[in-house]
Amino acid sequence: MDENRPKIGIALSGASGKAIAHIAVLEVLMENNIPVDVIVGCSSGALIAASFAAGTLDKLKQWFYNASLTKVLKLWSMKNAKGALFHINNKEMDRQLTEITGGLRFEDITHCRLGFVAADLNTAELVVLNMGNINKAFKASVAVPGLFEPVVWGRKILVDGGLVNVVPTLAVKQMGADIVIGVNIAATRFIYKQRLPIWRGYRFLSRIMGLPKLLFRIDSQSDVLEEEDIKVPGFLTVLSKAIEHSFHIQERWKESDEACDLMLKPSVKNYGRTEFKSMKKIYLEGRRTAQAAIPQIRKLIENYKLSQQGNEKNTLAPKVYEH
């Protein structure tokens, strides 16, 4: 590794089936010898990040091309779901995840730093997962509140990181990247955008009926309980808590923008989350966007090297004391 080059980090947003655009971006970076030292994914972006780290991008790309709504629905089950409509802990999901992740732990990844982001349902804190079981961490990062079952992780109850911020640029910066490149293919910055009907309906009910006081049942003892003793609250509690958090997070993540040196935005927001027939178009748009950004990325790398050389000169220069 060139000691003078910057550590480059990639932040991948969520966006369900459109995440094949992330694969395209990473392929273009590799083809152009742009190294990736840190990679962090949110929701479906977490799966791409894990696949990149595990060296299975080609296999995952074929999975996307062969995907259908019927196949995807088989991965979820409503039976015995806790705090959501579906749970994702069935054997088929674990089998397919292991094919992509190799059943690895974060600690097993050596050629780059890998992380996922999830949100603490109780506090709306953005949690970076970079230790432990990758499969379990993915289930936390993709757990859309109300739709997929939350995951107990340590003493926290975790849901989709998109509840707080869908492009985890700040996490990439915190994990040691000198240059942060975000890839945003999500339609909105947060899961519960304020213009959505569910948000407006909840706001009305909370004002008229005091809904939060009726539904917030997350146990405050989670700070002292062990993981196996923490229970996931009911569906309505999870959903209402998540929507309540959305009232307050809109202004909290300006620092996330400041942590990003370049944001790539493939034009795929007009495609649906499960528009599997358009996979090729989405993939090609990801490639087009990444290829167009290569000169700018090289410029960021060159500017970083020049700044480091300048710092070295300043450090070596003799100090002059005036009397």
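The values are calculated or read from the model by the stated rules, or taken from the named source; none is laboratory data. Not measured: the values here are computed from a predicted model. Using ideal geometry, Cβ is built from the backbone for each residue, glycine included, and neighbour counts are taken over all protein chains shown. The protein model used for the area step is the full one, side chains on, heavy atoms only, and it has no ligands, DNA or RNA in it. Shrake-Rupley method; radii C 1.70, N 1.55, O 1.52, S 1.80 Å.
Can you go through I181, I185 and tell me which one is in a strand (DSSP E or B) and either touching a residue at least 12 places away in the same chain (Cβ under 8 Å) or in contact with a Ser or Thr (Cβ under 6 Å, 6 or more places away or on another chain) (or both)?
On the way: I185 fails: in a strand (DSSP E or B).
The unique qualifying residue is I181.
Output the residues belonging to the stretch 95-120 that are in contact with a Gly (Cβ under 9 Å, 6 or more places away or on another chain) and either over 15 Å from V38 (Cα atoms) or crowded, with 20+ Cβ neighbours inside 10 Å (or both).
Result: L97, G102, R105, R113, L114, G115, F116, V117, A118, A119.
Give V159, V164, V144 a once-over and let me know the one that is under 24 Å from T237 (Cα atoms) and open to solvent by 20 Å² or more (accessible area, probe 1.4 Å).
Testing whether each residue is under 24 Å from T237 (Cα atoms) and open to solvent by 20 Å² or more (accessible area, probe 1.4 Å) leaves just V144.
Take L211 and decide whether it is touching a Phe, Trp or Tyr at 6+ places or on another chain (Cβ under 8 Å) and either modelled with pLDDT under 85 or open to solvent by less than 60 Å² (accessible area, probe 1.4 Å) (or both). Step through it out loud before you land on a result.
Working: touching a Phe, Trp or Tyr at 6+ places or on another chain (Cβ under 8 Å): yes; either modelled with pLDDT under 85 or open to solvent by less than 60 Å² (accessible area, probe 1.4 Å) (or both): yes.
Here the answer is yes, as L211 does meet what is asked.
So, in the stretch 1-24, of the ones that are surrounded by fewer than 24 Cβ atoms within 10 Å (Cβ to Cβ) and in contact with a strand residue (DSSP E or B) (Cβ under 8 Å, 6 or more places away or on another chain), which residue ends up farthest from L147 (Cα to Cα)?
Top of the filtered list is P6.
Considering every residue within the stretch 257-265, establish whether at least one is modelled with pLDDT of 65 or more, in a helix (DSSP H, G or I) and more than 21 Å from L126 (Cβ to Cβ).
Checked the stretch 257-265: no residue is modelled with pLDDT of 65 or more, in a helix (DSSP H, G or I) and more than 21 Å from L126 (Cβ to Cβ).
Quick check on the stretch 34-47. Is at least one of its residues free of Cβ contacts under 8 Å to residues at least 40 places away in the same chain, open to solvent by 10 Å² or more (accessible area, probe 1.4 Å) and in a loop (DSSP other than H, G, I, E, B)?
Scanning the stretch 34-47 turns up at least one residue that is free of Cβ contacts under 8 Å to residues at least 40 places away in the same chain, open to solvent by 10 Å² or more (accessible area, probe 1.4 Å) and in a loop (DSSP other than H, G, I, E, B).
Could you tell me which residue of the stretch 48-85 is surrounded by the most Cβ atoms within 10 Å (Cβ to Cβ), considering only residues that are touching a residue at least 60 places away in the same chain (Cβ under 8 Å) and part of a loop (DSSP other than H, G, I, E, B)?
The extreme case among them is G83.
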